[in-house]
Amino acid sequence: MRLRSILLLLLTGGCFPSGEGIAPRTTQLYFPVGLALDETATHLFIVSSDFDLQFNAGSVQSWDLVALREKVDRILDGECFNAKGKPLEPQTSASQVLYPGRCYPIRHYLAQDEPDDPNNAVPNIPILVDTVEIGAFATDVIHRARPASAPPGEPGRLFIPVRGDATLHWIDVTADGDFLCGQTSQPGACDGTHRSGDDPAAENTRGLRMLPEPYGVAADERAEVVMVTNQTAGAAGLFLNDWTTGPKYEFTLSGLADRPIGVTSLPEPWAVPALGLPHLPAFLIGYRNAAWVSLVRVYFDDGADPPRPYAKVPSRASVLTNSSGIDSRGLDVDASVRRTEERRCAQRFGLDEAQATDPASAQAAGPDYAECVKTASAVPLDTFVTNRSPASLVVGQSRPAIADVASNDLPIFETTVVLSRGPTRVVVGDVVNVDGERERRAFAVSFDSRRLTIYDPARQRIEAEITTGRGPQAFAVDPEHGLGYVAHFTDSYIGVVDLDQRHPDTYATIVASFGEPLPPRASK
Amino acid sequence: MMGKRAAARFTGLIAASGFALACNEDAVEVTQLSLQSSTEVTFVCRGPDGTGLEQSDCPDFDLMGTTMLALVTQTSTDEVAVVNASIPGVIDVDPVTPGFSFLRVPSRPGDIVTSPGGAASFVGLTGVGKLGISALPTTCLNAPPHQNPADCGHPGQPACAEIYDVTSFPACRLPSRPGDMAVLVEPPGAGGTRTGCDPSSPLESSVGKPLGADETARACPADLTIEGGPEGRRKLVVALPDRGEVVVIDAQWVLDQPLGTFDPCAIEMTLPLRSEIDASGVAQEPPPDLDPAGCDPIEPISPPEPPSFLASPAGFGLGGGRLYIADQGGPIVHVLDASSPCGLTELSPLVAMSFEEPSRVVTTSRVAVSPLSSRGERFVYALDEHDQPASVMAFDVTEGTTNRTPIVRPQGPRVPFEPADRMRFGPPAADIAFALRDLPREAPDQLAEEGVRCEPDPTKCELGDVGCELDLGTLYRPASNYTSGARPGLLRGLFGFIMLTSGQIVVIDVDDFDAPCRRPTRANSTEFEDSRGCFGDDVSVPYYTRAIEGEAGPGESPDGSPTVTNEVSCNMVSPHRPRSDTVGVVSSTTGVGAPSLKSLPRFASQGTPVPPTPLQRPKVLAVDGPPLEAGGTPELPSVYVGTTLYEKDRSNADLPTDPTADEEMSVTLPFVEPRSYLPADSFSLTYEGRVTPDGTGGFLAPIVAAELPPGAGVGGIWSFEDGAAYFCSSGVYDMGMMRDYGDKELGLSGSALEDFAETHADYVQVTDGFPVLTDTYWLSERGQDCGGRAACFSAFGRSDLNDLEVSRDLMITKAFQDRLIVGPRSGVAGDLKDIAAQCTRCDDDPASPDCSTEGVPKEKTTLLWEHCFPGGVRYTVRASNQWVLNSSRSMHDVTASPIPGRTEPPLYECARDCNPKTRLLRSRAFEISSTVDCENANPPCGVGVAPKGTAVCTYDPTVGEPGNQGIQLDDKGARCIFENMVGRFAVYRGIWSSIRGMSFTWQTSGGFSPMVGALTAASVAVLPQHMTYVPEFQSLALVDASSLGLSLMSLDTLTINANWPVR
């Protein structure tokens, strides 16, 4: 069987090594582990992990959020309906325990599979746009929009670490939400060229391949640099992304503390291009077995021939705010206040975002702009870390040094917030307040206790704790529409959270769910 | 009776065994946590009839059937857990349902408080969309009747009752999220108890009748009008942080609300909190030892005045008829007159500020109010919300005190690493509490009294004495083995407790009743502090010792048995500072509890082919302590070495002090302030030792006058720059600073002062090598200049020698934080000139940019330096012609002073800090040399003569008896006696000159160790939230949101003696 798999692998032109079992069903979410939205919040990308290897691959789905929101609106209006738009009774309270929300989860499907029935009482709008197969044991996903400085191409790209084959998958996404990853059929599997980290000869001059057990993934705003943590190796992998040819594995940052898990990028201060400071993308990495967060800087090594980019850890921040400080899982940074101030400077001096991040344009704006943006870039960043034991959200703030605004945003942790058992990820995003304005929140997901905690950093308090379905694993925020999406790992469906405070009855609750819930086989 | 835990396990085992029979698999016992995400707690005393009682009626000493209950908020389940604090168990209010069930409240619980008579408790509701207050009558703090699964629901038994749900308890809605709450009592007026604050309100019309619309009998009745406690109407005072105000709500009105409703709370009064600060004239009061006279930079200034702020009330503290409210929005602690909640008024606030960072806006998150101390004092502790590291301020709010700023404590110069007006901790602080506690001792035929202070006076009558009246204070004297009476482990008095988020609880001394007995036996009746921190003792008692029969009366002999602990310092107990965990005594039985040397200092020569003899080498030796009064007798030096006390002239343990007679070295460790010492430390005293850590990127650059303040470049040739060095913060002394030191500390003047400044200013030592031979640099024009690489070796020598060439030394004429103005060190410039003459590359065009600075051609020596060190160099900064004391803490008095107008980029110059707090932050010792030629004296003496012009302090070592020929305090050279907070000694010049790198080393132990209780002893994963003292249990109640739930920590042992959840 194993030989057959290898032969199949060769015949299919370098697809990921498929496992045993049948191909994943087109519409089925299966142990979803990652969610991402495109920049216009028109598509939701869901990564399924094939966690119990019942299928021969994992999968990525693209959902039409416009269609989904239309259905959510109807549910908020009091309707319940099935996948075909037929009216339904609200689900029973017993059912709501497993699947929160007033209505039963709505099954999703591809448009071509389930054409609209003209006899439906409610128009039938398919939400599933596309699906592709990837390796098993994906762990996360991020989406980055193609920057203006990149060559023309598809508007977005997904980066997905896959533990099964220790690679970084990458998938281009069209404006319509379709996937482009060399798949030969529809749906099909991504080809080998959309997998990085496993070809030392082609990817780097050091003969390096990514270490086993990739877990967290982060990329800078322009996705020049992608960082992946390797949870069992005490290391992180550095990829340089080319918007034409894809990411290439460049460097293994070893010598980190044991079990690096969470990773997030630090937004580059706009003072860097304005002051002509070196462009050094930076990341924060947290650990399961160390009570600190490391600051990682990336050096492009432009002066060398050939340049051999590398990363190093100039400093770290201890987590002293709870009794152990170790077992950090999620990690995210809020740069919204700083960015607002930087945008204000740019607007004052007539610069758009592309110009503000371009050294030539930014420096041409003159010393007054440099002074303005230097002050703006000194606004501290908020950092959020989920600690699993004790279950807590550790909140820190950076203290930028006057002489080094480049990438010295290492936080000092001074607050600990109680979370429910088993926190995993933390996501920074916005809710819509009663005045219709966006307000910043941190969303912490607690897998074990089925909770999604909404923390208000400005008022330093927990605003709400949402009881989710079983095994909440990933969360994504659509701030423009006041909605959040929570991926339920255990039962393989997506919950929709109302994040609009103008809805006093439903704010901070799961108002709808999508996908056919599938309890794990072991629980059947 | 089988407890619930045992029953659950038993049931589990039965079930498991059933499965085992059926499936032949091992049973797995699943444990359940009963408390989860616990945050706040209140205690309720319940009587046998289920109604509430005053908390002081519990525990049940009189077997009246009372029960102390703890109500613990559960934020993850929107519940309030009921814990029977008397037994190891929680109360499951729905035993029919598996798992633990508690009292459901409508939304996420916030603060929780109980009425004074215990009839009801009130919990704030903070969940989105359900903001309000819910009332929990004490009569329903248990499962409903017929909820025991063994007693209901089966044939022939009554049906199981409904469980309590959110409609079981009255509640009302608030317009904003409630913060902290308090129950205050509106005292009866002339016309009796008022119901409503406003006579025209509907509440007032209901006087004498039960309130509320629900006239039916309640399953959970609660009548606050008849509960115990002070007479008067119970009013809830509730903070609304988002509105910056507090509101007053009638507590009975909440209880009387129809069940199942959530109508708006009837707010009787709204008090917007002050949102501005009048800081004019507000200033902290430094103690005499921090008197900033003459030191402009630290003159205490008024706190910054934010133009206005939105008050954001946070933690409450109630005491002395005042309600203190922390504010996260502005730098004040609100003070409300709590004597009449209906007439709630705001008084002058406490001003949160920082003595050492006066420009910082200080906000607070928690406060605690102390009970009255034995001296009638009252204190407020407030948690500085954003200080890094975390800190707690203490305010004196004693009646009649007018200063509203944080207390600035004395002994700041001896505890320089802690702010004088703050208790500082590493991890953040989570909560603060006070405990007033006594363990009164009974005497025959006398009733025990509380608040009796330990009496050390040996002339007072103690138990067993005949013919005199017993002084109760003598009952608290320490036992000789410290197992009873005054000692660190006995918490008798008023203490503060700071709970850190790391799970540690730090004990703070406020008013230790036993403090008078925690001291040395030797008294000091003068007004001057002696080396043990004592002063002002009763002149009639020289020693706190008992009489020796037939030899000495009470207090007359040091050899009598002590009435005190005989600890090394009178500052073992210091108000508003962490309490010592150990007895400050060094003995073979108790161990090392006070600063002690592990061994006498050891000398290490450096670079001498033949080790010098004791007479030839330099010496570090203890010296007499200053007399307490002018003309008085100097204090004989003493120090513990291990557990042996070495004293001058003591047989078998004679402390070396004579540079001629003694071959051993010695130092003394002042006992004034035990907190000066780390628990253990290592010291090295090195001649011309390193001042800064080794730098790696120093650049020798031309001086650009435009970048410097006027005159800063005078005397220097180059600017030695390293932006990452922080020279001032490392303690670098330039010529000007050394001149200031010589003037003020050593009394030098005129040419002697100038010579001193020039010969003792720090210098840069370039430790780097030259580019390797194969480096292409040597092929460049600059590399080939000056004679090439060989010239560099000639000029600067090799970099791998133990002692580098002095030509690598650059004297520092002026120091800034990021650069040093340097020139050749005295006496070596001429050596380089000859070699530098070979540098000819600039001869043709000396004005070219590469060969000139600001149009001035570079000197040849500059070209030579540039030639040999073309890039950033490795270097260090060393002290010149002096000894440097290094330990694990940086000790210097140098500050970085911003130069006005230099902000782009900012420029900081190094200056001696006139802050008196740095008075003892010293690390530089200057040799004392001889006025006579000891080598040729008869008999020879052991102190060398300094070369002409370099002597700083001198004396005649031939004066005095052998064994006593060390420097005397009245010698002119005594100014060079070194003293900082952790050491006192003199360094004598040897017959041989000292050589760079020579050193003395010693280690200390027995330093200060704070008393700390640890939640982490019970569980590694803790997340402490709330702490309160429960006098009925003599314990601290600690709420942990992680694994421990609620714990009681005994004040006897500082260990957890009970904790929930039950597993």
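The values are calculated or read from the model by the stated rules, or taken from the named source; none is laboratory data. Keep in mind that what you see is a predicted model, and the values were worked out from it rather than measured. Here Cβ is always computed from backbone atoms with ideal geometry, including for glycine, and neighbour counts include all displayed protein chains.
Some points to look at:
- When residues in segment B:1023-1051 are screened for being free of Cβ contacts under 8 Å to residues at least 60 places away in the same chain and more than 14 Å from chain A (Cβ to nearest Cβ), 2 of them pass.
- Output for segment B:1052-1063, where each listed residue is away from chain A (no Cβ under 14 Å), of a type outside the set (Asp, Glu) and in a loop (DSSP other than H, G, I, E, B): B:Thr1053, B:Leu1054, B:Thr1055, B:Val1062, B:Arg1063
- Restricting B:Arg902, B:Arg984, B:Arg922 to those that are within 41 Å of the chain's Cα centre (by Cα), surrounded by fewer than 16 Cβ atoms within 10 Å (Cβ to Cβ) and either part of a loop (DSSP other than H, G, I, E, B) or not aromatic (Phe, Trp, Tyr) (or both) reduces the list to B:Arg902.
- Test set (1) under 12 Å from B:Thr861 (Cα atoms); (2) at pLDDT 90 or above; (3) β-branched (Val, Ile, Thr) - B:Val828 fails condition number: (2)
- Options A:Ser398, A:Ser389; residue that is under 30 Å from A:Gln501 (Cβ atoms), among the hydroxyl-bearing types (Ser, Thr, Tyr) and either surrounded by 21 or more Cβ atoms within 10 Å (Cβ to Cβ) or away from chain B (no Cβ under 14 Å) (or both): A:Ser398
- Residues in segment A:469-497 that are on the phi > 0 side of the Ramachandran plot and more than 14 Å from chain B (Cβ to nearest Cβ): A:Gly471, A:Ser492.
- Matching residues, segment B:606-653, being touching a residue at least 60 places away in the same chain (Cβ under 8 Å) and over 30 Å from B:Ala937 (Cβ atoms): B:Leu628, B:Glu629, B:Tyr640
- Taken together, the residues in segment B:905-919 that are assigned to a loop (DSSP other than H, G, I, E, B) and either within 25 Å of B:Arg414 (Cβ to Cβ) or more than 14 Å from every other protein chain (Cβ to nearest Cβ) (or both) amount to 4.
- Within segment B:78-120, if we keep just the residues that are part of a strand (DSSP E or B), within 14 Å of chain A (Cβ to nearest Cβ) and in contact (Cβ under 8 Å) with a residue 60 or more places away in the chain, the residue that is surrounded by the fewest Cβ atoms within 10 Å (Cβ to Cβ) turns out to be B:Arg104.
- Every residue from segment A:406-459 that is within 11 Å of chain B (Cβ to nearest Cβ), closer than 21 Å to A:Ile261 by Cα, of a type in the set (A, V, I, L, M) and part of a loop (DSSP other than H, G, I, E, B): A:Leu419
Rundown of residues vs (1) of a type outside the set (A, V, I, L, M); (2) within 20 Å of A:His143 (Cα to Cα); (3) not in a loop (DSSP other than H, G, I, E, B), yes/no style:
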| site | (1), (2), (3) |
| --- | --- |
| A:Gly469 | yes, no, no |
| A:Gln473 | yes, yes, yes |
| A:Val477 | no, yes, yes |
| A:Glu480 | yes, yes, no |
| A:Tyr485 | yes, yes, yes |
| A:Val496 | no, yes, yes |
| A:His503 | yes, no, no |
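- Single residue of segment B:416-454 satisfying the filter (aliphatic (A, V, I, L, M) and out of contact with any strand residue (DSSP E or B) (no Cβ under 7 Å at 6 or more places or on another chain)) that is farthest from B:Glu469 (Cα to Cα): B:Ala420
The rows are residues; the columns are (1) touching a helix residue (DSSP H, G or I) at 6+ places or on another chain (Cβ under 9 Å); (2) within 14 Å of another protein chain (Cβ to nearest Cβ); (3) modelled with pLDDT of 95 or more.
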| site | (1), (2), (3) |
| --- | --- |
| B:Ala486 | yes, no, yes |
| B:Gly493 | yes, no, yes |
| B:Ser502 | yes, yes, no |
| B:Glu527 | no, no, no |
| B:Thr545 | no, no, yes |
| B:Glu551 | no, no, no |
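- Looking across segment B:837-880, the residues that are farther than 26 Å from B:Phe727 by Cβ and part of a helix (DSSP H, G or I) come down to B:Pro849, B:Asp850, B:Cys851, B:Lys860.
- The set of residues in segment B:168-204 that are at pLDDT below 90, over 29 Å from B:Pro272 (Cβ atoms) and surrounded by 14 or more Cβ atoms within 10 Å (Cβ to Cβ) contains only B:Ser168.
- B:Ala352, sole failed condition from (1) on the phi < 0 side of the Ramachandran plot; (2) surrounded by fewer than 24 Cβ atoms within 10 Å (Cβ to Cβ): (2)
- Qualifying residue in segment B:712-728 (condition: surrounded by 17 or more Cβ atoms within 10 Å (Cβ to Cβ), part of a helix (DSSP H, G or I) and modelled with pLDDT of 90 or more): yes
- For segment A:240-260, the condition holds for no residue, the condition being that it is in a loop (DSSP other than H, G, I, E, B), surrounded by 23 or more Cβ atoms within 10 Å (Cβ to Cβ) and of a type in the set (A, V, I, L, M).
- Criterion: more than 14 Å from chain A (Cβ to nearest Cβ), in contact with a His (Cβ under 7 Å, 6 or more places away or on another chain) and either hydroxyl-bearing (Ser, Thr, Tyr) or outside any loop (DSSP other than H, G, I, E, B) (or both) - qualifying residue of B:Ala435, B:Ala382, B:Ala394: B:Ala394
- Test: residue in segment B:367-375 that is in contact with an Asp or Glu (Cβ under 6 Å, 6 or more places away or on another chain), part of a strand (DSSP E or B) and at negative phi: no
- Inter-residue pairs, beta-carbon under 6 Å, first within 22 Å of A:Leu98 (Cβ to Cβ) and within 11 Å of chain B (Cβ to nearest Cβ) and in segment A:498-514, second buried (at least 20 other Cβ atoms within 10 Å of the Cβ) and among the aromatic types (Phe, Trp, Tyr), 6+ apart: A:Asp498/A:Tyr507
- Considered as a group, the residues in segment B:905-950 that are among the acidic types (Asp, Glu) and within 23 Å of B:Lys619 (Cβ to Cβ) include one that is modelled with the lowest pLDDT, and that residue is B:Glu935.
- Failed criterion for A:Asn289 (all others in (1) touching a Phe, Trp or Tyr at 6+ places or on another chain (Cβ under 9 Å); (2) within 14 Å of chain B (Cβ to nearest Cβ); (3) in a loop (DSSP other than H, G, I, E, B) hold): (1)
- Residue, nearest to the other protein chains (Cβ to nearest Cβ), within segment B:999-1012, restricted to residues that are closer than 20 Å to B:Gly584 by Cβ and among the small types (Gly, Ala, Ser): B:Ser1009
- Selection of first residues in segment A:314-326 that are facing another protein chain (nearest Cβ under 9 Å) and of second residues that are part of a strand (DSSP E or B) and modelled with pLDDT of 85 or more, restricted to Cβ pairs under 6 Å at least 6 apart or on distinct chains, gives the following pairs, ordered by first then second residue: A:Thr321/A:Val394; A:Thr321/A:Phe413; A:Thr321/A:Thr416; A:Asn322/A:Ser392; A:Asn322/A:Thr416.
- The sole residue among B:Leu211, B:Leu236, B:Leu224 that is under 17 Å from B:Ser115 (Cβ atoms), part of a loop (DSSP other than H, G, I, E, B), at pLDDT 90 or above and hydrophobic (A, V, I, L, M, F, W, C) is B:Leu224.
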